Amino acid sequence: MSRNSSGLSLSDDAYNRIKNALCHGELKPGTILSENRLASKYSMSRTPVREAIHRLVQEGWLEVRNGHGTYVKHLSSKDIDDLYEVRLLLESQAAKTAVYEITDAEIDAFERRFQELCEHLLAGKTDDQTFFDLDWEFHSLIISRCRNTYIRSIMENNNRNLRRYQRLSADTLGDIRESTDKHLHLLALIRKRDPEALSEAIAEHIRWAAGIIPRPDDTAS
């Protein structure tokens, strides 16, 4: 079996690359996939790309439309609602113990980065990818510092799906100042070491984020 420089099989390499493209919104719902283009992009033959696509179809990321090809599967409203319900319950609970584990230095660093983002926005500069990465890093910190190992495990198992939906939420924002302000408020609550207020604010923030994700017609998926 052919392998890349990292020791991964080419099939696994293609799988990871395509899945990362799905999670980061580079391959959007409804996009038709071309084995030839992907093979050329990843500098490999069509065989590992075909195997990767087959795995992603089985996992529900892609769908085959007879006579039309393989497409990026549309996200259903139920999928979004179900995942964000789990996220709300677990992250708001995780915050109650993570609040004591996140250091003042980490709070300072996140505040500085969010404030710098605000300054760039006021100067007319937009960097959606920087915001998306910072948003993901912040929420990942809360989960990673949670004392409940089961919460960490469940959230880690759902990270790729969640990242895909979170990308949609970020793409819908347009003006990211409101979300930036919300994150600064959450950081202020962490600094106060107020677990109940933080938990409630996290839940409210997740409801808000879920509410701005575009909801497709379920019959289209």
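Restricting to the range 102-111, name every residue that is exposed (fewer than 14 other Cβ atoms within 10 Å of the Cβ) and either outside any helix (DSSP H, G or I) or of a type in the set (Asp, Glu) (or both). Listed by number, the residues that qualify are 103, 104, 108.
Matching residues to (1) under 15 Å from residue 160 (Cβ atoms); (2) more than 25 Å from the chain's Cα centre (by Cα); (3) modelled with pLDDT under 95; (4) not assigned by TED's automatic domain parsing to the domain that holds residue 129:
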| residue | (1), (2), (3), (4) |
| --- | --- |
| 3 | no, yes, yes, yes |
| 21 | yes, no, yes, yes |
| 32 | no, no, yes, yes |
| 43 | no, yes, yes, yes |
| 59 | yes, no, yes, yes |
| 63 | no, no, yes, yes |
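The C-beta contact set for the range 106-133 (first residue at negative phi, second residue part of a helix (DSSP H, G or I) and basic (Lys, Arg), distance under 6 angstrom, 6+ apart or interchain) comprises 107/191; 121/177.
Any residue that is assigned by TED's automatic domain parsing to the domain that holds residue 203 and over 20 Å from residue 186 (Cα atoms) - is there at least one of those in the range 133-148? Yes, the range 133-148 contains a residue that is assigned by TED's automatic domain parsing to the domain that holds residue 203 and over 20 Å from residue 186 (Cα atoms).
Considering every residue within the range 45-63, establish whether at least one is in contact with a helix residue (DSSP H, G or I) (Cβ under 6 Å, 6 or more places away or on another chain) and in a strand (DSSP E or B). Yes, the conditions are met somewhere in the range 45-63.
The values are calculated or read from the model by the stated rules, or taken from the named source; none is laboratory data. This one's a predicted model, so the numbers in the text were calculated from it and none came from an experiment. FYI the Cβ positions are ideal-geometry reconstructions off the backbone, even for glycines, and counts take in every protein chain you see.
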